Amino acid sequence: MSVMTKEGLSALKFAYLVLGAGIAVTVFLVGGSYFFWQSEKGSNVQAQRRLNDAQSRLASAKQQRDDLRNSEDTYKALVARGMFVPESRLDFLDAMETLKQRHGITALEYELGAQRPLKLAGGTTITAVDAMGSRLRVKASAIHDGDMLAFIDEFSRMQRGLFPAERCALTRNQRAITAAAAVVVAPPDGGQAGDNAGDEAAAPALVSAIDADCSFEWITLVDKRATPAASAGTRPAQPAKAR
């Protein structure tokens, strides 16, 4: 029986139906798989984006935590240094007198200018605090170099604010050098002359051997959130001189 006859086509009708159904199922499966793959691909991209966002937020939270921790440490260090203590010139006078006696400073003069707001580098502003400064010039004399260096070192570390040095010049006292040279060349001929030489030998111990002329900036911080009563004591002070 020929396939191209009516009877042959009728015999293959079921096979054609099965073939067509198979092709349709194949197209459906391929199309469904493609759309499922595209959906999963989009879901993976969104999931990766969400994961990246979550990691970014976590890193930002850790950075903020570290910044807060560092800010807390910095704040504690500033408080310990006395940066938030209002500028008290009477207390400063007492502190200077204490340092003078402690380090054997033979002469001490200082001039303290009026307190003023400080301009930070680059026009930087601090939201919570105001930086205030007072120019301070200190002139001191001491018999021994070590006494002078110890005085300057302890002064710059006073827990009443920050005292960065703008200039500090140390010079030898010519009177002390001259007196010491006179003792060296004095003729030790004994008797009265020897006694006089002994008296002169004591003279250099009474003459200051080193002088210091230093300029500082006394920096304190004023909390903008302080109550009016508390901030009233931080108003700019007038220039003061002391000897």
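The values are calculated or read from the model by the stated rules, or taken from the named source; none is laboratory data. In this text, all values refer to a predicted model and were calculated from it rather than measured experimentally. Every residue, glycine as well, gets a Cβ built from its backbone with ideal geometry; the counts of neighbours run over all protein chains shown.
Taking the stated definitions as given, is Ser71 of a type outside the set (A, V, I, L, M, F, W, C), part of a helix (DSSP H, G or I) and surrounded by 10 or more Cβ atoms within 10 Å (Cβ to Cβ)? Spelling it out, Ser71 is indeed of a type outside the set (A, V, I, L, M, F, W, C), part of a helix (DSSP H, G or I) and surrounded by 10 or more Cβ atoms within 10 Å (Cβ to Cβ). When Thr127 is tested against the conditions (1) closer than 18 Å to Asp223 by Cβ; (2) surrounded by 10 or more Cβ atoms within 10 Å (Cβ to Cβ); (3) of a type in the set (Val, Ile, Thr), the lone failure is (2). Of the residues examined, Leu99 is one that is in a helix (DSSP H, G or I) and at pLDDT 80 or above.
Glu111 meets the conditions (1) surrounded by 11 or more Cβ atoms within 10 Å (Cβ to Cβ); (2) in a helix (DSSP H, G or I) in every case but one. The failed one is (2). Can you spot a residue in the range 223-238 that is in contact with a Lys or Arg (Cβ under 7 Å, 6 or more places away or on another chain) and either assigned by TED's automatic domain parsing to the domain that holds Ile105 or at pLDDT 90 or above (or both)? Yes, because at least one residue in the range 223-238 is in contact with a Lys or Arg (Cβ under 7 Å, 6 or more places away or on another chain) and either assigned by TED's automatic domain parsing to the domain that holds Ile105 or at pLDDT 90 or above (or both). Suppose the filter is over 30 Å from Phe155 (Cα atoms), of a type in the set (D, E, K, R) and at pLDDT 80 or above; does Arg50 pass it? Yes: the conditions hold for Arg50.
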